[in-house]
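Written below as structure tokens is the structure these notes are about.
The values are calculated or read from the model by the stated rules, or taken from the named source; none is laboratory data. Note that this is a predicted model, so its numbers are computed, not measured. Cβ: placed from backbone, ideal geometry, glycine included. Neighbour counts: every protein chain shown. In case anyone asks, the SASA skips ligands and DNA or RNA and just uses the protein heavy atoms, side chains included. Shrake-Rupley method; radii C 1.70, N 1.55, O 1.52, S 1.80 Å.
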Amino acid sequence: MRRAFLSVVLLVSAFLILPASPATAAPYCGLVWGSLVKSAPGLSQAPVTDVRTGRHACYDRLVVDVAGDAGGYTVSYVPQVVQDGSGYPIATRGGAALQITVNDPAYDTSYAPTYSPANALELTDVAGYGTFRQVVFAGSYEGYTSLGLGVRARLPFRAFVLDGPGTSSRLVVDVAHRW
């Protein structure tokens, strides 16, 4: 009994004397994205056909559908979203704004629109989303199509292209709900 008591005292003393290891927080939902510019080179004549959004447990998602192989893209936080060609500012709701440029036109080879939203200032209804506040169409000019994404705050995001189904592809932009 005395030996057991002595063992417990030594064990407790060891914990009191040993330095504690520093605590490190695990990434939110395992996400390790940042908030700097994301881009990929390339230019394509495959036209943009749709823009849609979705909610997930850890992030909100914006998808740009392209009828063919998507060209490159640039996604970055900006002080204000600007319209393609004119440079006119487009106000967006939220604490921060992402400018999304897809290196694909929103018109076909005859210059007929392939994506013409009913309301350029509300492409999709993002009410109730964790991060998204507004999705706007900023135009299509000289083979590039731009969107604005108003978000709650400057949060981590990622951007990538998915192939399919068939010959189509999609630019995906995910924005985390928090750091």
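With respect to the conditions (1) surrounded by fewer than 17 Cβ atoms within 10 Å (Cβ to Cβ); (2) at pLDDT below 95, residue 93 falls short on a single one, namely (2). Every test in (1) at positive phi; (2) of a type outside the set (A, V, I, L, M, F, W, C); (3) touching a Phe, Trp or Tyr at 6+ places or on another chain (Cβ under 8 Å) is passed by residue 47 save one, and that test is (1).
When the residues of region 139-149 are filtered to those that are over 14 Å from residue 51 (Cβ atoms) and part of a strand (DSSP E or B), the one that is most open to solvent (accessible area, probe 1.4 Å) is 141.
Inspection of region 96-111 identifies no residue that is open to solvent by 70 Å² or more (accessible area, probe 1.4 Å), more than 29 Å from residue 69 (Cβ to Cβ) and at pLDDT 95 or above.
Counting residues in region 26-45 that are open to solvent by less than 50 Å² (accessible area, probe 1.4 Å), assigned to a loop (DSSP other than H, G, I, E, B), closer than 16 Å to residue 106 by Cα and in contact with a Pro (Cβ under 8 Å, 6 or more places away or on another chain) gives zero. Between a first residue in region 150-161 that is closer than 17 Å to residue 53 by Cα and open to solvent by 30 Å² or more (accessible area, probe 1.4 Å) and a second residue that is part of a strand (DSSP E or B) and modelled with pLDDT of 95 or more, which pairs have beta carbons less than 6 Å apart while being 6 or more apart in sequence or on different chains? Matching pairs, first to second residue: 158/174; 160/172; 161/169; 161/171.
Quick check on this structure: which one of 115, 77 is assigned to a loop (DSSP other than H, G, I, E, B) and at pLDDT 95 or above? On inspection, the qualifying residue turns out to be 115.
Against the test of being open to solvent by less than 100 Å² (accessible area, probe 1.4 Å), assigned to a helix (DSSP H, G or I) and at pLDDT below 95, the options 20, 14 yield a single qualifying residue, 14. Would you be able to say whether some residue in region 54-72 is in contact with a Cys (Cβ under 8 Å, 6 or more places away or on another chain) and either of a type in the set (Gly, Ala, Ser) or more than 21 Å from residue 130 (Cα to Cα) (or both)? For region 54-72, residues in contact with a Cys (Cβ under 8 Å, 6 or more places away or on another chain) and either of a type in the set (Gly, Ala, Ser) or more than 21 Å from residue 130 (Cα to Cα) (or both): present.
Selection of region 65-90 for residues being surrounded by fewer than 16 Cβ atoms within 10 Å (Cβ to Cβ), touching an Asp or Glu at 6+ places or on another chain (Cβ under 9 Å) and not small (Gly, Ala, Ser) yields only 69. In the condition set (1) in a loop (DSSP other than H, G, I, E, B); (2) open to solvent by 70 Å² or more (accessible area, probe 1.4 Å); (3) in contact with a Ser or Thr (Cβ under 8 Å, 6 or more places away or on another chain), residue 133 is compliant with all but (1). I need the full set of residues from region 55-64 which are surrounded by fewer than 18 Cβ atoms within 10 Å (Cβ to Cβ) and either in contact with a strand residue (DSSP E or B) (Cβ under 8 Å, 6 or more places away or on another chain) or part of a strand (DSSP E or B) (or both), in order please. Scanning region 55-64 gives 55, 56, 58, 61, 63.
Here residue 132 meets each of (1) aromatic (Phe, Trp, Tyr); (2) under 13 Å from residue 48 (Cβ atoms); (3) in contact (Cβ under 8 Å) with a residue 60 or more places away in the chain with one exception, condition (2).
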